[in-house]
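Engineer: This structure is in structure tokens; I'll ask about it shortly.
The values are calculated or read from the model by the stated rules, or taken from the named source; none is laboratory data. Treat the numbers as computed from the prediction; the structure is a model and nothing was measured. Neighbour counts run over all protein chains shown; Cβ positions are idealised from the backbone, glycine included. SASA here: full protein model, heavy atoms, side chains in, ligands and nucleic acids out. Shrake-Rupley method; radii C 1.70, N 1.55, O 1.52, S 1.80 Å.
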Amino acid sequence: DVLNRLKPSYIKHTVNPETFRDPDPRDEARNARHLSKYIFPLQYGLCSVFTSQVPSKEHYEQPDFTDREREIKVREGNISSWTCKTPKRLKDVLVLLEKLIWRHGKCRYKLLRDKVCPSKVSKLFR
């Protein structure tokens with residue numbers, strides 16, 4: 001999951017007030033742009049599930065659109081032919097994506113799951 005790669009939610013965050021530092025806003029903006037490449041691939045010139053061409057006579061293997069890291073790295077490595085500017089229409093969405101990443105990192109999915117779907121197996125056997 002791309003959200004767990006950007007900000008893992010499964011790591012227990014113990015905050016020490018003496019050593020705590022605010023996250024770097026540039027890193028947060030970079031993560032939001034990276035997430036937007038997964039959500040809006042056509043806006044960045046990346047392949048999409050809806051526009052992929054299926055060759056008729058060749059053996060075709062469907063690309064894995066859940067992990068775009070290789071495709072993004074190839075595009076970023078070839079900077080002369082691909083500009084990675086964030087489109088103007090997505091600028092307002094980046095703020096929402098930053099919030100999404102931040103909230104994902106804070107959410108305790110395991111506690112939420114245990115509250116909504118309690119297990120009938122005794123806690124001693126877990």
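Engineer: Under a Cβ-Cβ cut-off of 15 Å, what is the net charge of the residues other than Val116 that fall near it, where Lys and Arg count +1 and Asp and Glu count -1?
Structural biologist: On the way: positive: Arg108, Lys110, Arg113, Lys115, Lys120; negative: Asp114.
Computed value for this residue: +4.
Engineer: Separate question: Heavy-atom accessible area per residue, the range 3-51, 1.4 Å probe: how many Å²?
Structural biologist: Values: 3650 Å² over 49 residues.
Accessible area per residue, the range 3-51: 74 Å².
Engineer: Quickly work out the Lys106-to-Cys47 label distance, labels modelled 7 Å from Cα along the C-beta direction, and quote it in nm with one decimal.
Structural biologist: With each label point 7 Å from Cα toward Cβ, the separation is 3.8 nm.
Engineer: Quick one: net charge of Pro41's neighbours, Cβ under 12 Å, K/R +1, D/E -1? Could the numbers behind the result be given before it?
Structural biologist: Working: positive: Lys37, Arg68, Arg75; negative: Glu71.
Summing Lys and Arg as +1 and Asp and Glu as -1 gives +2.
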